[in-house]
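Step one of this worksheet: look at the structure below.
The values are calculated or read from the model by the stated rules, or taken from the named source; none is laboratory data. Remember, predicted model here, so these are calculated numbers, not experimental data. Here the Cβ positions follow ideal geometry from the backbone for every residue, glycine too, while neighbour counts run over all protein chains shown.
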Amino acid sequence: MSQKVVLERVTLDGAKPFIGYTDQHDPCSEKLYANTGSQAMEWLCNAWRYRFNQLRSNRCKYGKDKTLIPIGGTLDTRSVSQSRKECSWLTAVPSLILESPTRIERVEWFTSVKRRKTLLSKRLKPGRMPRFKSYKRDGQHFICWYNGGRNAVYRQVNRNHGIITITGQNPKGYSQAGEPLRYRILLHVRVSQPIREYTAIQVDWTNRTVVFNNIPLPIRRKPTGKAIGIDRGCAHAAADSNGRFMDLPKNRLKAIDREIRKRQKSQARRVKTAGYFSEKEYANSGRTSRAYWKTRLEITKLHAKSKRILDDVYQKYTTQLVRDNDLIVLENLRLANMSRRNKPVPDPLHEGRYLHNGQAAKRGLNRSLRQASMGRLSSMLAYKTKLADGVGMILVNPAYTSQTCSQCGYVAKENRESQAVFICKKCSYKTNADVNAAKNILKRGLDTLAITSENLWGADGTPVEQGRKTIGNATRESVAVS
C-alpha cells in the first residue's frame, strides 16, 4: 500500500511565493506574497482545486431534451498556460501540481462511469456522478508528481523525520526586491519506516498528512499447504474452519456510534428549528451557524476514527491469514442485498395501511452489518493474495452453508437452533454454527478446486496444457485441510 506520514509543519526557503494581487482583476493593485507555510499550502490547495474544476466543467450530462450539456453550464477549455495568463495567482504555481489534475480527473470520471454501469447491470443503485471539488466537502489537498526527481523530492533527516521539498519559481518581475526568483516549500514529516520509491505525493492539508504513491511490498511467507474457510457475520466478525474467532472491539465502536448519533440528533434539531426539510437544503442555504459546521466536523472525525479501528483489526487479521494458508475460501456475499429494506406489506382490510414487516428489527441488523464492515475483509484479502506468492482465494456460493451439517451433509433449517448453536437433526453433531458454516465453505472451495484441477489435468490425471496450473500453491495434491 502507499505510505502515509504525518505532516508536522511547513516552512519557506528562498523567495516568497507570489500568490496574486489584492484585486485579482486589477494588475496595478498591490502584490501579495505567502509569508508563512500555512499561506503557501492554502494557495497550492486552492490552485489544484481550481484547475481540477476547470477540467471537470468540460464533462457533459444529458439534459431534459436528451442532449448533452456541460455539467458546469459552460465549457472551460483553457490550458495550463492560458490559465496562468488570465489568473495571476496561478503564475507561480509549480507546473507538476497544475498538471496532475488532468490525469486524476480523467481516472476518477471514467472509473465512476464504469462503476455505475456495473451497478445498473446488477439492478443496484448506481450512485451519483462525480462532482466538482469543494473546500467544505472535500477539504484542502493537492497532488504533485515526482517525475523522476523534478519536484516533491524527499530526503531523510534522521530516523523518524524527513523533509519533502516542493520547488517553484516566481515570474520575472514578480519577486520582491533583492530576492531570488526561486522558492522552496519544505514539508517536515514524521515517518515510521524508510520511504520507498514513489511516483507522486498527496498532501492533505486539512488532516495534516502526506501520502507517497508507491508500489506495495510483497508479503513474505513460506508455503504451508494449508487451506481455510472463513464465515463472516455480525456476532463474530469472522469464524474459521479451525474453530477460531475474530471479534471487533465492539465496545469502542458502539461508544463512537453513540457519540455520532447524539451529534446527528443535534444537527436534525438545528435543521428543524431553522425551518428546512433536509440537512442538505439547510447546508446550502447560506444561513448555517458555526455550531452546525463544528458538529459536522466532529461527526466526520468520529467516522474516521471508527474506520481506523476497523482497518487496524482487519489488516492484522488478513495478513496473518495470508501468511498461514495457501488457500482461503470465502462466501460470495451480496452485501447490498443483505441490508436492503423489507418490502411493505399492504393491509388487505384497510386501504392505505400496511402490516408489520419487521423493518424495525431489520434496522438494527443493518446497523450491525455496517459496523461489521464485512466487505472490508474480502477486499483486503483480494489484494493481499496478489501480493503474496503462492496464495489463492476462492469465493463460493453461500446458499445453505449455515443449515448444512459439515459431518453428514444433512440440510435442514431446524439444524440451526440459534445464532450460535448448531445441532444436526440426523447425526446429532453439535458445534458452533459459525464454525460449522466455515467448514462447509471450505469444503465447497476444495470441491471447486478439484473441478478446476480436473479441467486442467483431465479425468485420467494427465495435464491438458503444458505446465501445472495452481490456485496459489493449492493444487489437489498439496492442499491440506488445516
Can you tell me which residues in the stretch 61-82 are small (Gly, Ala, Ser) and within 30 Å of the chain's Cα centre (by Cα)? Gly72
Within the stretch 74-107, residues being small (Gly, Ala, Ser) and more than 26 Å from Cys28 (Cα to Cα) number 1
What are the residues in the stretch 1-30 that are buried (at least 17 other Cβ atoms within 10 Å of the Cβ) and among the basic types (Lys, Arg), if any? Lys16
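Could you grab me the full set of residues in the stretch 325-340 that are touching a strand residue (DSSP E or B) at 6+ places or on another chain (Cβ under 8 Å) and among the charged types (D, E, K, R)?
Matches in the stretch 325-340: Asp326, Glu331.
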Can you pull out every residue in the stretch 99-127 that is under 30 Å from Trp43 (Cβ atoms) and either loosely packed, with under 11 Cβ neighbours inside 10 Å or in contact (Cβ under 8 Å) with a residue 60 or more places away in the chain (or both)? Ser100, Val107
Look at Asn35 and say whether it is modelled with pLDDT of 90 or more and either crowded, with 17+ Cβ neighbours inside 10 Å or not assigned by TED's automatic domain parsing to the domain that holds Ser112 (or both). no
When Ser285 is evaluated against the numbered criteria (1) closer than 30 Å to Asn251 by Cα; (2) in a loop (DSSP other than H, G, I, E, B), which criterion, by number, is the only one it fails? (1)
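Restricting to the stretch 331-357, name every residue that is assigned to a loop (DSSP other than H, G, I, E, B), of a type in the set (Gly, Ala, Ser) and either modelled with pLDDT under 85 or touching a Phe, Trp or Tyr at 6+ places or on another chain (Cβ under 7 Å) (or both). First the steps, then the outcome.
Going residue by residue through the stretch 331-357, those that are assigned to a loop (DSSP other than H, G, I, E, B) are 332-334, 339-344, 347-353, 356-357.
Adding the requirement that they be of a type in the set (Gly, Ala, Ser) leaves 339, 352.
Listed by number, the list holds a single entry, Ser339.
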I need the full set of residues from the stretch 233-256 which are among the hydrophobic types (A, V, I, L, M, F, W, C), more than 17 Å from Arg376 (Cα to Cα) and either touching a Leu at 6+ places or on another chain (Cβ under 8 Å) or not assigned by TED's automatic domain parsing to the domain that holds Thr318 (or both), in order please. Ile256
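Taking Asn242 as the residue in question, decide whether it is farther than 30 Å from Gly445 by Cβ and either in contact with a strand residue (DSSP E or B) (Cβ under 7 Å, 6 or more places away or on another chain) or without any contact (Cβ under 8 Å) to a residue 60 or more places away in the chain (or both).
On the way: farther than 30 Å from Gly445 by Cβ: no; either in contact with a strand residue (DSSP E or B) (Cβ under 7 Å, 6 or more places away or on another chain) or without any contact (Cβ under 8 Å) to a residue 60 or more places away in the chain (or both): yes.
It is false that Asn242 is farther than 30 Å from Gly445 by Cβ and either in contact with a strand residue (DSSP E or B) (Cβ under 7 Å, 6 or more places away or on another chain) or without any contact (Cβ under 8 Å) to a residue 60 or more places away in the chain (or both).
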What about Val322, is it more than 20 Å from Cys234 (Cα to Cα), in contact with a strand residue (DSSP E or B) (Cβ under 8 Å, 6 or more places away or on another chain), outside any strand (DSSP E or B) and at pLDDT 90 or above? yes
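Filter the stretch 139-160 down to the residues that are outside any loop (DSSP other than H, G, I, E, B) and touching a residue at least 24 places away in the same chain (Cβ under 8 Å), then identify the one that is farthest from Arg84 (Cα to Cα).
Among those residues, the one meeting the criterion is Gln156.
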Condition first: farther than 29 Å from Ser373 by Cα and buried (at least 16 other Cβ atoms within 10 Å of the Cβ). Now tell me which residues in the stretch 236-282 satisfy that. Arg270, Val271, Tyr276, Tyr282
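Going by the structure shown, is Pro218 modelled with pLDDT of 90 or more and under 21 Å from Asp312 (Cα atoms)?
Details: modelled with pLDDT of 90 or more: no; under 21 Å from Asp312 (Cα atoms): yes.
No; evaluated as a whole, the condition is false for this residue.
When you scan the stretch 259-272, do you find a residue that is over 18 Å from Ala438 (Cα atoms) and small (Gly, Ala, Ser), even just one?
At the first step, the residues of the stretch 259-272 found to be over 18 Å from Ala438 (Cα atoms) are 259-272.
Of the ones still in play, those that are also small (Gly, Ala, Ser) are 266, 268.
Yes - at least one qualifying residue is present in the stretch 259-272.
Just the residues that are under 21 Å from Leu55 (Cα atoms) and at pLDDT 90 or above, please, taken from the stretch 135-157.
Applying the first criterion (under 21 Å from Leu55 (Cα atoms)) to the stretch 135-157 yields 135-145.
Correct list: Gln140, His141, Phe142, Ile143, Cys144, Trp145.
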Among the numbered conditions (1) in contact with a Ser or Thr (Cβ under 7 Å, 6 or more places away or on another chain); (2) in a loop (DSSP other than H, G, I, E, B); (3) touching a residue at least 40 places away in the same chain (Cβ under 8 Å), tell me where Gly20 comes up short. (2)
Take the residues in the stretch 232-254 that are touching a Ser or Thr at 6+ places or on another chain (Cβ under 7 Å) and hydrophobic (A, V, I, L, M, F, W, C), then tell me which one is farthest from Lys307 (Cα to Cα). Cys234
Can you give me the ranges of the strands (runs of 3 or more DSSP E) entirely in the stretch 161-223 with at least 2 residues that are without any contact (Cβ under 8 Å) to a residue 40 or more places away in the chain and assigned by TED's automatic domain parsing to the domain that holds Asp138? 161-169
